[in-house]
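So the structure is just underneath, and the comments pick up after that.
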Amino acid sequence: MRILIKGGTVLSTTGVAEADVLVDGETIAAVAAPGVLEQADTVLDATGRYVLPGGIDAHTHMEMPFGGTFSADTFETGTRAAAWGGTTTVIDFAVQAKGTSLMSTLDKWHEKADGDCAIDYGFHMIVSDVNDATLKEMESCVDAGVSSFKMFMAYPGVFYSTDGEILRAMQKATDTGSMIMMHAENGIAIDQLVAQALAEGRGEPVQHGLTRPPELEGEATSRAITLAKVTGAPLYIVHLSAAQALAAVAGARNEGQNVFAETCPQYLYLSIEDLAKPDFEGAKYVASPPLRPKEHQRDLWRGLRTNDLSVVSTDHCPFCFKDQKELGRGDFAKIPNGMPGVEHRMDLLHQGVVAGEISLARWVETCSTTPARMFGLYPRKGVIAPGSDADIVLYDPAAEQTISARTHHMAVDYSAYEGMRITGTVTTVLSRGRIIVDGGEYHGSAGHGRFLTRDLCQYLN
Ligand code: URP
Ligand code: ZN
Ligand code: ZN
């Protein structure tokens with residue numbers, strides 16, 4: 001089956017080009033000047049549209065156990081929603097429970113995802129029980145295509161690791177060339193602030209933000225960078241939200257350290273004012289790190305332009321308002337942490353292009369090409385080039401849409417961006433050469449998505 005995508009504007013990290021794209025089977029066969037390629041079974045007219053590599057969301061949590069419940073999207077519903085929004089690869093997190101092994105965890109996550117995904121997927125491993133056996137198993141994970149390990153400086157008693165444990169895992173990361181991904185918030189200090197707030201009867205959702213000040217993200221980020229420097233480990237700061245943390249990352253990068261960071265659309269568009277919405281509405285916006293005062297957004301957009309923030313992921317971790325977020329009425333510490341977003345990352349960052357915050361090239365780079373290179377998927381993913389997987393999005397930059405829970409495809413009963421007007425929309429999505437979204441219709445299927453074994457990060461010096 002050969003598909004010719006004709007008349008579009010092909011986007012890449014170096015800019016835009018008028019070109020036609022020929023897909024043969026699951027891969028891209030050719031990219032050529034308009035009109036040169038002729039033979040195909042199907043022709044997609046991309047006139048007036050961008051043709052870009054499918055989005056890669058390197059941070060999602062489908063069916064994640066958290067706070068006594070599970071995130072609401074399954075691998076089936078979450079990857080379908082991702083496809084609707086122009087994301088053709090997700091990298092999700094397998095979660096090691098204390099007392100269990102990494103490889104049994106990986107098996108469990110394969111069981112969850114196998115046969116269910118609409119698009120290709122990989123895994124990172126959350127390490128929450130550092131011991132000799134776990135450290136040895138990090139080698140097996142890398143061999144199995146799981147080349148990145150998330151650790152937590154937050155959530156004492158759940159996912160938290162001490163500095164000593166982090167140091168040991170980082171030493172193993174250095175040995176294996178793998179990446180340590182860090183949830184950088186000082187959880188020990190935060191837990192004291194949370195206990196004080198609750199003791200004083202301050203239980204409403206905004207307290208989630210007030211008890212996790214940006215300084216404690218900055219401090220933890222600096223500490224993680226120091227531990228990475230001592231051990232030589234590559235470090236990737238996940239869901240960076242605060243100007244203080246960004247300054248620490250920029251400083252380390254200026255010194256040539258292998259330190260990278262991502263931010264998420266919620267930190268670019270939403271703020272602590274959303275957490276302060278009355279009638280428990282703020283619970284919809286509870287995630288960690290928390291939404292910050294608006295001033296931080298300016299710094300984050302600048303970080304995206306300067307590449308101190310290299311990737312935009314969603315940290316998609318949806319919990320329904322009803323029955324799940326409601327677990328924390330009166331006690332914000334019991335609100336499951338996480339927000340939905342996998343469906344709207346490409347649109348929200350395109351909105352950044354419309355607003356003049358980033359260029360088209362940077363849109364593609366932060367949402368597709370860099371995550372592919374960061375997590376060992378390039379050039380199979382993240383680029384429109386001969387030989388690459390035919391994961392391709394056709395995007396109408398002029399179409400208008402309004403984000404709403406009434407029309408989104410995520411299995412969650414609210415949208416964090418309800419009513420937001422967006423310029424631009426996905427019209428067609430190909431996953432490995434198959435048209436899975438076109439003209440407002442879904443043609444994909446559970447099980448089309450395959451597990452991706454990943455190589456090491458391609459940015460290390
Ligand atoms: O609040 C969040 N971010 N929930 C998902 C788990 C994590 O820390 O990434
Ligand atoms: Zn985290
Ligand atoms: Zn996360």
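The calculated 222 nm mean residue ellipticity attributable to helices in the chain amounts to -8500 deg cm²/dmol, summing -39500 (n - 2.57) over DSSP H runs of n ≥ 4 and dividing by all residues. The length gained by stretching the chain between THR174 and THR47 to full extension, at 0.36 nm per residue less their Cα-Cα distance, is 41.0 nm. Converting phi to 3J(HN,Hα) with the Karplus coefficients 6.51, -1.76 and 1.60 and the offset θ = phi - 60°, the range 201-208 yields x, 8, x, 7, x, 4, 5, 4 Hz in sequence order, with x at every glycine or proline. Dipole orientation for the range 102-172: of the candidates TYR155, ALA144, ALA113, TYR155 has the Cα lying most toward the positive pole (charges on Cβ; Lys, Arg +1; Asp, Glu -1).
Compute the Kirkwood hydrodynamic radius of the range 85-152, taking the inverse of the mean of 1/r over all pairs of distinct Cα atoms, and give it in Å to one decimal.
For the range 85-152, the Kirkwood estimate is 12.4 Å.
So, in nm, how far is label SER404 from label LYS136 when the simple model puts each one 7 Å beyond its Cα toward the Cβ? Spacing of the two 7 Å Cα→Cβ label points: 5.8 nm. When the charge dipole of the range 366-461 is built from unit charges on Cβ atoms (+1 for Lys and Arg, -1 for Asp and Glu) and taken about the Cα centre, the candidate among GLY444, PHE375, LEU456 whose Cα reaches farthest toward its positive end is LEU456. Between GLU295 and THR162, the modelled label-to-label distance comes to 3.7 nm, taking each label 7 Å out from Cα in the direction of the beta carbon. Using a simple spin-label model with pseudo-atoms 7 Å out from Cα toward Cβ, THR27 and ARG2 lie 1.6 nm apart.
In the structure shown, the pairs LYS112/LYS284; LYS98/LYS277; LYS6/LYS381; LYS229/LYS294; LYS108/LYS294 are assessed against 29 Å; a Cα-Cα span above that value is assigned to LYS98/LYS277; LYS229/LYS294; LYS108/LYS294. Phi angles across the range 425-432 convert, under the Karplus curve 6.51 cos²θ - 1.76 cosθ + 1.60 with θ = phi - 60°, into 3J(HN,Hα) values of 7, 6, 10, 9, 10, 10, 10, 6 Hz, Gly and Pro given as x.
Efficiency by 1/(1 + (r/R0)^6): what FRET value for ASP143 and GLU273, r their Cβ-Cβ distance, R0 = 45 Å, to the nearest 0.05? Mind dumping the intermediate values first?
Numbers: r = 47 Å, r/R0 = 1.04.
The pair ASP143/GLU273 has a calculated efficiency of 0.45.
I'd like the FRET efficiency for ALA247 and LYS334, computed as 1/(1 + (r/R0)^6) with the beta carbon distance as r and R0 of 35 Å, rounded to 0.05.
Numbers: r = 33 Å, r/R0 = 0.93.
The computed FRET efficiency comes out at 0.60.
Of the peptides 90-99, 8-17, the ranking by mean beta-carbon count within 10 Å, highest at the top, reads 90-99, 8-17. Each residue of the range 263-270 was assigned a 3J(HN,Hα) from its phi angle through the Karplus expression (A = 6.51, B = -1.76, C = 1.60, θ = phi - 60°), giving 10, 10, x, 4, 7, 8, 10, 10 Hz with x at Gly and Pro. Around the amide H of VAL383, modelled in the peptide plane, lies no amide H under 5 Å away from a residue 5 or more places distant or on another chain. Amide hydrogen proximity for MET179: with H placed 1.01 Å from N in the peptide plane, the residues at 5 or more positions away or on another chain lying under 5 Å are SER148, PHE149. Counting only Cβ charges, +1 for Lys and Arg and -1 for Asp and Glu, the dipole size of the range 1-128 around its Cα centre is about 340 debye. Segment ALA17..GLU418, full-extension length gain: 140.9 nm, with 0.36 nm per residue of separation and the alpha-carbon distance subtracted.
Only one residue of GLY25, VAL43, THR314 has its Cα farthest out toward the positive end of the dipole of the chain, where Lys and Arg carry +1 and Asp and Glu -1 on Cβ, and that residue is THR314. With contacts taken as Cα pairs under 8 Å at a separation of at least 6 residues, the range 116-265 carries a relative contact order of 21 percent.
Simple point charges give the picture: +1 on the Cβ of Lys and Arg, -1 on the Cβ of Asp and Glu, and for the chain a dipole about the Cα centre of about 540 debye.
The convex hull of the Cα atoms of the chain, projected and averaged over all directions, covers 19.5 nm². Judged by the ratio a/c of the largest to the smallest principal axis of the C-alpha gyration tensor, the range 46-172 counts as prolate, that ratio being 1.5 or greater while a/b is larger than b/c. Taking all Cα pairs closer than 8 Å and separated by 6 or more residues, the relative contact order of the chain comes to 22 percent.
Laboratory data are not the source of any read-out in this text; all were calculated from the coordinates shown. Keep in mind that this is a model prediction, so the values were computed, not measured. Cβ atoms come from the backbone with ideal geometry, glycine included; neighbour counts cover every protein chain shown.
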